[in-house]
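Q: Quick one: the structure is below, and I'll ask about it shortly.
The values are calculated or read from the model by the stated rules, or taken from the named source; none is laboratory data. For clarity, every value in this text was computed on a predicted model and none was experimentally measured. In this analysis, Cβ positions are derived from the backbone assuming ideal geometry, glycine residues included, and neighbour counts consider all displayed protein chains. Accessible surface areas use protein heavy atoms only, side chains included; no ligands, DNA or RNA. Shrake-Rupley method; radii C 1.70, N 1.55, O 1.52, S 1.80 Å.
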Amino acid sequence: MGERAAAGGGKWVDVAPERLPRWLENFATRHGAYTEEGLTLTAADGASATLHAPPGAGPAATVAELISEARKPRRLGLLLARKGAVAVGVADGEKLISSKVDTHYVQGRTAAGGWSQQRFARRRDNQAKAAAADGAGIVGRLLLPEVRTMAALVTGGDRTAVDAILAAPQLAAVAALRTGRLLDVPEPRHAVLVTAVAAARAVPILIREP
């Protein structure tokens, strides 16, 4: 279960759909009996928890409906990118069924060795553009053929790198499936992509303590 600070106070936790019933029991144990209003729980001690549908899940008006929708198998596209590294995959339920990981050298931001700043910046910009083009090619090969079967596209890593890849005109249909959240992941590798499947399926819950 992942945890991160929430803007405006509180924290986000990510809970696997299969663990939601147990998580609700533990919430009641920690904070007392709770009432439900839509997807928000308010406990006896004043703590609240608001559940949000995971990427690709159908609409839900109650917690019970959300649990049911979150548990349904769905196909998700994954795109993780940082600097010159990219990892693309398709997940069917909990399983990663296809993937491709690639790296492309991009210089760091600090010039060294007497290079002029402008020449250094141009070289770095060209390398970043080449990395984005390579990433777009991988997305096109893996995700475009699956676009009609995917419920959502989940992205992670560096937003600028992801945006540059998805800006390719031929990827408009894939980009249209992109969800709002950007997963916080290290440099994309196959193991990171596998871990991202669980994060993409998880139900985000916003918790605020009294």
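Q: Sort through GLU69, GLU65, GLU25, GLU37 and tell me the only one that's within 21 Å of ALA196 (Cβ to Cβ) and out of contact with any helix residue (DSSP H, G or I) (no Cβ under 7 Å at 6 or more places or on another chain). Break it down into steps so the answer makes sense when it comes.
A: Details: GLU65 fails: within 21 Å of ALA196 (Cβ to Cβ); GLU25 fails: within 21 Å of ALA196 (Cβ to Cβ); GLU37 fails: within 21 Å of ALA196 (Cβ to Cβ).
Unique residue meeting the criteria: GLU69.
Yes or no, residue by residue, for (1) open to solvent by 30 Å² or more (accessible area, probe 1.4 Å); (2) in contact (Cβ under 8 Å) with a residue 60 or more places away in the chain; (3) among the small types (Gly, Ala, Ser):
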| site | (1), (2), (3) |
| --- | --- |
| ALA151 | yes, yes, yes |
| THR155 | no, yes, no |
| ALA173 | yes, no, yes |
| LEU177 | yes, yes, no |
| ARG181 | yes, yes, no |
| VAL185 | no, yes, no |
| PRO204 | no, yes, no |
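Q: Across region 195-210, what is the total count of residues that are more than 13 Å from VAL88 (Cβ to Cβ), assigned to a helix (DSSP H, G or I), in contact with a Leu (Cβ under 8 Å, 6 or more places away or on another chain) and of a type in the set (Val, Ile, Thr)?
A: Total satisfying the criteria: 0.
Q: Looking at ARG22, is it open to solvent by 50 Å² or more (accessible area, probe 1.4 Å) and on the phi < 0 side of the Ramachandran plot?
A: Yes.
Q: Let me ask something additional. Can you find a residue in region 133-143 that is modelled with pLDDT of 95 or more, closer than 28 Å to GLY58 by Cα and open to solvent by 60 Å² or more (accessible area, probe 1.4 Å)?
A: Within region 133-143 (the criterion being modelled with pLDDT of 95 or more, closer than 28 Å to GLY58 by Cα and open to solvent by 60 Å² or more (accessible area, probe 1.4 Å)), the answer is yes, since at least one residue qualifies.
Q: I need the full set of residues from region 65-85 which are at pLDDT 95 or above, in contact with a strand residue (DSSP E or B) (Cβ under 9 Å, 6 or more places away or on another chain) and either open to solvent by 30 Å² or more (accessible area, probe 1.4 Å) or among the β-branched types (Val, Ile, Thr) (or both), in order please.
A: Listed by number, the residues that qualify are ILE67, ARG75.
Q: Is there a residue being open to solvent by 40 Å² or more (accessible area, probe 1.4 Å) and within 23 Å of THR149 (Cβ to Cβ) anywhere in region 41-53?
A: Within region 41-53, one or more residues are open to solvent by 40 Å² or more (accessible area, probe 1.4 Å) and within 23 Å of THR149 (Cβ to Cβ).
Q: Based on this model, can you work out whether ALA61 counts as open to solvent by 10 Å² or more (accessible area, probe 1.4 Å) and either touching an Asp or Glu at 6+ places or on another chain (Cβ under 9 Å) or over 21 Å from GLU146 (Cα atoms) (or both)? Outline the logic, then answer.
A: Working: open to solvent by 10 Å² or more (accessible area, probe 1.4 Å): yes; either touching an Asp or Glu at 6+ places or on another chain (Cβ under 9 Å) or over 21 Å from GLU146 (Cα atoms) (or both): yes.
The answer is yes for ALA61.
Q: Something else about it: Residues in region 31-39: is at least one open to solvent by less than 30 Å² (accessible area, probe 1.4 Å), in a helix (DSSP H, G or I), without any contact (Cβ under 8 Å) to a residue 60 or more places away in the chain and not aromatic (Phe, Trp, Tyr)?
A: yes
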